[in-house]
Every structure is written in C-alpha cells, then in structure tokens.
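To start, the structure itself, in structure tokens.
Taken together, the values in this text are just the output of simple stated rules run on the coordinates, not laboratory data. These numbers were taken from a predicted model, which means no experiment stands behind them. Quick reminder, even Gly has a Cβ in these numbers, built from the backbone with ideal geometry, and neighbours come from all protein chains shown.
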Amino acid sequence: MRRSPFGSSGPLVSAVGQGTFLMEHDEPRAVAAALQSGLDHGMNHIDTAELYGAGRVEELIGQALIGRREQAFLVSKVLPQNATRAGTVLACERSLRRLRTDYLDAYLLHWPSTHPLEETLEAMATLRDTGKIRALGVSNFDESELARAISIAGPGAIACNQVLYHLADRTMEHALLPFAEAHGVTVVGYIPFGRRTPFPPQQGGSTLSDIARRLGRTERQVALAFLTRRPSLLAIPKASRIDHVHENAASLTLELSPADEAELEAAFPLQERRSGISRV
Ligand code: NAP
C-alpha cells in the first residue's frame, strides 16, 4: 500500500486519497458507503472544503466518519473571501462543527486571496497552536506565490499545495514541483482524471491502454500510479460509486517501472509553458 509523508514532517498518508467535490448531489448513503469503503481500502486522505455544497459536503463527511474519525486524514479549505485573520478562525470552527470533529489534519487556503496572506497564515498558525488544525497549506499557488507563503510562514510550515494535475496537464512539473520538493511541500494533484478519460488514442490514450493491459490494470489505475509516482505527489480522485472507489484504491498497490513511466512521459508530454500552474 503506497503511502507518502504529508509535508516535511507530517504523517504518512495514502498516496491516493478521496476528493469530495459535488458530493452534495450524490445520495447521502452512497457518499457514506463510498468514503467508508475508501477508508477500509486504505484511502485515508479525505479532501473537502467549506465551498463544496456550501458546507453540505462537510456535513456528509462528518456523518460518514462517526466512530471512524481517527482513521481519516481530514483536510478542508477556507474560501479566500473569508481568509482574514478573524474570518479564517471562524471558518475553520464552522468546518469543525459540520465535520463533527475537534481538529483537522490540514487546513488550506483554497486559492490566493485579496486579504493579506500574512493574516491568513497567522490565523492558521494560531489554529495549529491551539490544536484545531495539525498542519497548514495552500491551494492553487504557483511557485512564486508558494515562495511567498513559505517566507511568511517559515521553513517547513507549509505542508502542501493542492493544484491541478493530470496526464494531459503536467504544467506544474516544470517549476512548481521542483520548488515544492526542495522545500518539503507535498503537491496534492486535483482532477486526476482530467475530466476527459478515456484519452483519445492519438493523444496518449493508446499508450495508456497498452500499459494497463500489460499490467492487468485499468487505465485509471495506471494514471493514478503515474500521478503519485514520487513521494512528493498525492492524488485525490472523487468517487461516489463503490466500484470506482475500489478501482481507485487498488492503484495503491501498483508501482510503475521506470520504463512504464518513461513511456507515459513520452505519450503525455510536458506543456510548453515552462512556469506557473493551470487553474480550473
Ligand atoms: P476527478 O476526481 O478527476 O473526477 C471525478 C469524477 O470521476 C466523478 O464523476 C467520479 O464518478 C468519476 N470517477 C472516479 N473514479 C472513477 C473510476 N475509477 N472510473 C470511472 N469514473 C470514476 O475530479 P474532481 O472531483 O473535480 O477532482 C478531485 C478532487 O480534487 C475534488 O473532488 C476535490 O476534492 C479536489 N479539487 C480541488 C480543487 C481546488 O481548487 N483545490 C479543484 C477541483 C477539485 P462517481 O462520483 O460517480 O464515482
């Protein structure tokens, strides 16, 4: 079961976790069953945000985790418009209530805010010092924004940066990933299926399916294994269907060979733009 450290000194978490965007539209019993089955199959990293369903998704997760909170590595995010010093603390406390827990394993700024980053990070440091969160992080920060966050929060304080990352968009590998690795920041990739699998054969799809067939795995399992091939890389696919959950969790037992990785790198080449990140 592949697990990776969260940040420079954080605990080991599942390399592939569970996203929760749009789960408010799914049947609540299916959501609970999916999240619990994901935990049973080793996907302990659960990602959410106050944004999702305007808090409804956090409530669904809170219900699903009754009696199992300690088994999960629970991450939520503050909306940029709430990310003042006081607003960040209040938003976190609302998330804790909805999630039926007294701490988050990590709390992130969802994307760069017009409020001073110093205030947001100071509020998160206070939340950490009072035990309401265990680690702090950011999301949708490019390498220069991440450098600024590290310079404010201090070395080792920013545990993760959550950014868009899938086979057809590897932009962040140019500059963000090496910078994050040099500073002990885990890169959590979102939308790992790119909202477009299966990939067209001429755009890497045939290589992906060849490798999957050779390994006796599915294309999505190969994609997830590639996206989490280094200890600095985590992925958080969202799945409400149990068969999807099981398929994604099984990628935790798949290790690609250097030759498989090289084939995928050639089939899904790096973007020409050599800096920054893609945003949704
Ligand atoms: P995604 O995980 O790439 O795709 C989710 C879709 O794929 C769902 O329709 C799901 O179906 C389906 N799916 C999952 N596993 C599958 C499988 N094995 N086979 C076939 N279909 C499968 O996209 P996403 O939910 O947009 O992104 C993942 C997570 O990243 C989000 O849920 C959220 O937690 C996070 N995120 C963060 C940001 C940010 O700004 N920080 C932005 C976007 C997303 P079912 O649900 O029906 O199973």
Original post:
For the chain, modelled as a GNM with alpha-carbon contacts under 10 angstrom, which of Glu173, Glu70, Glu145 fluctuates the most?
Top reply: Glu70
**OP:** Grab the beta carbon distance between Arg274 and Thr114, set R0 = 35 Å, and tell me the FRET efficiency rounded to 0.05.
**Re:** 0.80
Original post:
In the stretch 212-272, what GluC sites (Glu not before Pro) fall in a loop by DSSP, with at most 14 other Cβ atoms inside 10 Å?
Top reply: Glu255, Glu272
**OP:** Would you please give the residues with an amide H less than 5 Å from that of His45, counting only those at least 5 places away or on a separate chain, with H modeled from the backbone geometry?
**Re:** Ser14, Gln18, Phe73
Original post:
Which residue, Gly137, Gly216, Gly19, has the most motion in a Gaussian network model of the chain that connects Cα atoms within less than 10 Å?
Top reply: Gly216
Original post:
Rounded to the nearest 5, what % of the DSSP beta bridges within the stretch 105-185 are antiparallel ones?
Top reply: 10 percent
Original post:
Using the Karplus equation 6.51 cos²θ - 1.76 cosθ + 1.60 (θ = phi - 60°), what ³J(HN,Hα) coupling, rounded to whole Hz, does each residue of the stretch 177-191 give in order, writing x for Gly and Pro?
Top reply: 4, x, 5, 4, 4, 5, 10, x, 9, 6, 9, 9, x, 10, 6
Subject >> With at most 16 other Cβ atoms within 10 Å, longest stretch of the chain clear of loop trypsin sites (Lys or Arg not before Pro) (DSSP) >> reply: 101-194
**OP:** Assuming R0 = 22 Å, can you tell me the calculated FRET efficiency for the pair Gln202 and Ala266, based on Cβ-Cβ distance, to the nearest 0.05?
**Re:** 0.95
Subject >> Amide H within-cut-off set for Leu234, under 5 Å, with H built and near neighbours excluded >> reply: Val187, Val188, Gly189
Original post:
If you take the Cα atoms of the stretch 165-270, find Rg, then find the Kirkwood Rh from the mean of 1/r over all pairs, what is Rg/Rh?
Top reply: 0.94
Original post:
In degrees, nearest 10, range 0 to 90: what is the angle between the Cα axis of helix 143-153 and the longest Cα principal axis of the chain?
Top reply: 30 degrees
Original post:
Short version: ³J(HN,Hα) in whole Hz for each residue of the stretch 46-56, in order, from phi by Karplus 6.51 cos²θ - 1.76 cosθ + 1.60 (θ = phi - 60°), x for Gly and Pro, what are they?
Top reply: 10, 10, 9, 6, 4, 4, 5, x, 6, x, 4
Original post:
If you place +1 on the Cβ of every Lys and Arg, -1 on the Cβ of every Asp and Glu, and leave all else neutral, what size is the dipole of the chain about its Cα centre, to the nearest 20 Debye?
Top reply: 360 debye
Subject >> Positive-end residue of Val163, Pro192, Ile61, charge dipole of the chain with Cβ unit charges >> reply: Ile61
Original post:
Based solely on its DSSP helices, what 222 nm [θ] is calculated for the chain when runs of n ≥ 4 H residues each add -39,500 (n - 2.57) and the sum is averaged over all residues, nearest 500 deg cm²/dmol?
Top reply: -11500 deg cm²/dmol
**OP:** On a C-alpha basis, how far is the centre of the stretch 174-251 from the centre of the stretch 117-155 in Å? Whole number, if you could?
**Re:** 27 Å
Subject >> Segment Ala86-Ser37, extension gain: residue separation times 0.36 nm, minus the distance between their alpha carbons >> reply: 14.0 nm
Subject >> Normalised per residue, the volume of the convex hull around the Cα set of the stretch 1-154 (Å³) >> reply: 105 Å³
Subject >> Calculated log₁₀ intensity ratio I(q)/I(0) where the Debye formula runs over C-alpha points of the stretch 39-123, q = 0.13, 0.24 Å⁻¹ >> reply: -0.39, -1.12
Original post:
Which log10 I(q)/I(0) values, to two decimals, does the stretch 210-272 give at q = 0.30 Å⁻¹ under the Debye formula with one point per Cα?
Top reply: -1.40
**OP:** For the chain, just the Cα set please: Rg and Dmax, both in angstrom.
**Re:** 17.9, 54
**OP:** Quick one: among Pro237, Pro112, Pro258, which has the greatest mean-square fluctuation in a GNM of the chain with alpha-carbon springs under 10 angstrom?
**Re:** Pro258
Original post:
Antiparallel as a % of all DSSP beta bridges within the chain, to the nearest 5?
Top reply: 15 percent
